[in-house]
Amino acid sequence: MDDQLVRVGKIIGCHGVRGDIKVRPTSENPAWAKARQKLTLKHHKTGEHLHYAIQSVREQGPLLVISLEGVDNRNAVEPLVGSTVFANRDALPKPDENEFWADDLIGLTVVDAQNGRVRGKVKDLLSSSGSDFLEIQIEDSEETVVIPFIHRFFPEVNLEQRTVSIDLLSDFLSMATEPVTADRLEQ
């Protein structure tokens, strides 16, 4: 995928019969949509990249309802549900301090804030009901763990060094009675 494209949301459904899409944005301030720019959709089944211009957008709670140019009925939108939405990085507003685009976090090395030990790599940033979670592939393991992406657990993100520090990992893991996995957040 083009390095200039940044993941900004996911199509989670249709809205009405005129071809509007419901998008769960990856940020709390979806200024990218209000700018009415072009979007690239990565089809969830085929991986094909589809390009659209935004015709109109409105907020509906934490979701966005977007009308795409050239899409005028529900039948055209239904196959797109589940697709990932990308926007051009140059057209996006700069994130505020301590805010990041999801794609900038993926691949960061997770290091223990106490001793600098490598704990894993960020596999994905997941959003659910207004909360963000980092899915971390544990070092030397195929297993992943999902942890709330809050300052208490992740006190420092350093994009230049490609690291994110984690604190209280052992305390967090000992509190969990049932592991939180990425598929549980998608429900």
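Please state which one of Lys10, Lys42, Lys34, Lys22 is in contact (Cβ under 8 Å) with a residue 60 or more places away in the chain and surrounded by 14 or more Cβ atoms within 10 Å (Cβ to Cβ). Result: Lys10 is the single residue among Lys10, Lys42, Lys34, Lys22 that is in contact (Cβ under 8 Å) with a residue 60 or more places away in the chain and surrounded by 14 or more Cβ atoms within 10 Å (Cβ to Cβ). Restricting the search to strands (runs of 3 or more DSSP E) fully inside the range 8-118 and requiring at least 3 residues that are under 20 Å from the mean Cα position of the chain (by Cα) gives 20-25, 38-42, 49-60, 63-68, 84-88. Taking the criterion of being among the hydroxyl-bearing types (Ser, Thr, Tyr) and surrounded by 13 or more Cβ atoms within 10 Å (Cβ to Cβ), the residues of the range 47-69 that qualify are Tyr52, Ser67. Does any residue of the range 120-134 turn out to be among the basic types (Lys, Arg) and outside any strand (DSSP E or B)? No.
Values in this text are rule-based calculations from the coordinates and carry no lab data. On a predicted model such as this, the values are computed, not experimentally measured, just so you know. For neighbour counting, all protein chains shown are included, and Cβ atoms are generated from backbone atoms with ideal geometry for every residue, glycine included.
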